């Protein structure tokens, strides 16, 4: 029994960081680092990636600690470590503080103070603003997308020490991408969110409005993704890929306006959003390689 206890407890602490979300954030952080117009530095990159991982993990752990009661009412989240009773809330919040402090220290020492300050602001806004607002207004979706879009900005500022136009475009791509992504989740998980008392768009405004918003944000995403080209960060290979990927994603969003499009469409659109971001990142990598 003893030999299985520690690995299980470690896995629960890892689960508090939402590893899937953290991996996606690290992918975009690496993109910001790689696109920065300075020589690639492995020490800076390692500190940036490690610090960002801790910042994202700490924010997610705080979020799980604050939402443990709501998570217990949702079928999707009730088996998480806190609602399932496998971890004590006090242990979770200490872990969240530890990761957050490590993140800021590592970024401040290993990169620069600007990156550390941005990470601290992202953690604070995600935990103190976005999380409580989820239970009051569907506008929390847009508010939460701001700290959620910080990782590529952290990668860029870690390398350059400044916030430049390309960094803001990378920030904008991730910010806008989150909106149709989470609207899709909200559409096929609305019963779960209703039990938790979270005021998502489909519950407050209706599914039809949520689908229209998904189309609108997908339309905004396409031109923003292309802006990296006139800024000189990306070239023709990326342009072609971004147009093809973005147009396909936009076309899929339009199919949701059909009255017959329900849960199955929402799930498909959600998975399309999961493909979109790595595909766009791969397009940037190919562009640089070419």
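List of remarks:
- Residue in segment 3-23 that is assigned to a helix (DSSP H, G or I), crowded, with 22+ Cβ neighbours inside 10 Å, modelled with pLDDT under 95 and in contact with a helix residue (DSSP H, G or I) (Cβ under 9 Å, 6 or more places away or on another chain) present: no
- Here the condition is being touching a helix residue (DSSP H, G or I) at 6+ places or on another chain (Cβ under 8 Å) and either without any contact (Cβ under 8 Å) to a residue 60 or more places away in the chain or surrounded by fewer than 22 Cβ atoms within 10 Å (Cβ to Cβ) (or both); of 123, 104, it holds for 104 alone.
- Residue 147, sole failed condition from (1) in the same structural domain as residue 222 (by TED's automatic domain parsing); (2) assigned to a helix (DSSP H, G or I); (3) buried (at least 19 other Cβ atoms within 10 Å of the Cβ): (1)
- Within segment 75-101, considering residues that are within 19 Å of residue 130 (Cα to Cα) and surrounded by fewer than 20 Cβ atoms within 10 Å (Cβ to Cβ), the one modelled with the lowest pLDDT: 77
- Listed conditions (1) part of a helix (DSSP H, G or I); (2) in contact (Cβ under 8 Å) with a residue 12 or more places away in the chain; (3) under 20 Å from the mean Cα position of the chain (by Cα); (4) under 26 Å from residue 133 (Cβ atoms) are all met by residue 199, apart from (1).
- Residue match in segment 211-220 (condition: within 21 Å of the chain's Cα centre (by Cα), free of Cβ contacts under 8 Å to residues at least 40 places away in the same chain, surrounded by fewer than 18 Cβ atoms within 10 Å (Cβ to Cβ) and assigned to a helix (DSSP H, G or I)): yes
- All positions within segment 168-196 that are in a helix (DSSP H, G or I), touching a residue at least 60 places away in the same chain (Cβ under 8 Å) and under 20 Å from residue 143 (Cβ atoms): 170, 173, 174, 177, 180, 181, 184, 185, 187, 193, 196
The values are calculated or read from the model by the stated rules, or taken from the named source; none is laboratory data. Everything numeric here is computed off the predicted structure, so don't read it as measured data. Neighbour counts run over all protein chains shown; Cβ positions are idealised from the backbone, glycine included.
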